[in-house]
1. Enumerate cysteines in the chain without a disulfide-compatible partner, where compatibility requires another Cys Cβ under 4.7 angstrom.
2. Angle check, please: helix 207-217 long axis (alpha carbons) against the longest principal axis of the chain (alpha carbons), in degrees 0 to 90, nearest 10.
3. For Lys157, which lysines qualify as cross-link partners when the Cα separation must be under 25 Å and same-chain residues fewer than eight apart are set aside?
4. Quick one: pull the percent of accessible area on the stretch 131-267 belonging to carbon and sulfur, 1.4 Å probe, ligands and nucleic acids left out.
5. Could you give me the ³J(HN,Hα) list for the stretch 274-280, computed from phi with Karplus coefficients 6.51, -1.76, 1.60 and θ = phi - 60°, whole Hz, x at Gly and Pro?
6. According to the square roots a ≥ b ≥ c of the eigenvalues of the Cα gyration tensor, what is the shape class of the stretch 248-326, taking rounded for a/c under 1.5, prolate for a/b larger than b/c otherwise, and oblate for the remainder?
7. Apply the Karplus parameterisation 6.51 cos²θ - 1.76 cosθ + 1.60, with θ equal to phi minus 60°, to every residue of the stretch 99-105 and state each ³J(HN,Hα) to the nearest whole Hz, in sequence, with x for glycine and proline.
8. List every residue whose amide H lies under 5 Å from the amide H of Lys307, counting only residues 5 or more places away in sequence or on a different chain, with H placed 1.01 Å from N in the peptide plane.
Amino acid sequence: MPPLTDSFGRTIEYVRLSVTDRCDLRCVYCMPKGFNDFQEPDNWLTFDEIERVIAAFAQLGVQRLRITGGEPLVRRGLPDLAARLAAIPGITDLSLSTNAVQLEKHAAALRRAGVTRLNVSLDTLDPVRFKEITGGPLDKVIAGLLAAKAAGFAPVKINMVVMKGVNDDEVEAMVAFCIEHDFTLRFIETMPVGETGRDASEHFLDLAEVRARLERRYTLLPAKVSGGGPARYVRVEGTELRIGFITPMSQHFCETCNRVRLAVDGTLYLCLGQDHAVELRPLLRAGAGAAELRDAILKAIELKPMKHEFREHPGQVVRFMSMTGG
Ligand code: SAM
């Protein structure tokens, strides 16, 4: 079967699968405090449905799968689901994005299930600031990170959304932390996704500034890191630390976009920054077979837009990051 290719000639080989839109944190740029308007459990794809749809993607050449949310570890039985997904023929790279609040108790089971790579969100190393940004406990996250290291995840990548006047004074501290623990560090620009993301965009910081700051202190060498994503990496000379810059705003990477996002209710979003979407749940619940699912996916991919318009139309995406699957 030819690879899954969109109308702009991009090969789609990466699915981000949201297993819940719920989260045990309330990061200021993501979900509003007190937000409660979640998908009904009846609308959540079951593990069987998820397995069927991911198998159809794999038959179309998708090899990389990232489990995300909301917070994926709040979905009960997640390691069991991970094991089922890892066993799908064609899926060669299974990774997970988490806030790590509940990672300590699940790390070993996830590793055994076949998850090989972990991304952990961590915007600050200061417990008081962590509470302000996320509403949650930093010590649990650190315990989760150490458990992930002990369980053999490699690499563990730390994702830090860098916000001017909020946590940009911690860039160097995060570099030191990642050198100490052998984590990979990625800096991310704030995106105007949902009202929260737009409000947080007043703290937007162009990562070129962060890079320039680091270059005054370290020698940064070009580097490569495994993963299907858009980060541009450097290595800090004299260390093993890789630093990735994810710049959806200052330097978008839509022309190399290789991904689609499946929300917990079976909505297939073709772009994080646009509303193009196709509902796969009705098809799954009507008992569609593999061929029918593949056809629906092929048709959906034709709708994938050329690029996001975060800069041109920052008010466009009303759903929060946690709904789409970050
Ligand atoms: N709960 C998991 C986690 O914390 O990684 C997975 C979902 S979370 C929505 C995925 C990523 O999206 C996190 O790294 C988070 O920092 C990022 N994110 C959410 N809203 C964002 C925004 N408005 N701009 C930039 N990144 C955002």
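The values are calculated or read from the model by the stated rules, or taken from the named source; none is laboratory data. Here the structure is a predicted model, which means the values were calculated and not measured. Here the Cβ positions follow ideal geometry from the backbone for every residue, glycine too, while neighbour counts run over all protein chains shown. All accessible areas refer to the heavy atoms of the entire protein, side chains included, with ligands and DNA or RNA removed. Shrake-Rupley method; radii C 1.70, N 1.55, O 1.52, S 1.80 Å.
1. That list is Cys23, Cys178, Cys254, Cys257, Cys271.
2. For helix 207-217, the angle is close to 40 degrees.
3. Cα-Cα hits under 25 Å: Lys105, Lys131, Lys140, Lys149, Lys224.
4. 50 percent
5. 9, 9, 4, 7, 9, 8, 9
6. The shape class here is prolate.
7. 8, 6, 4, 10, 6, 3, 7
8. Amide H neighbours of Lys307, under 5 Å, 5+ apart: none.
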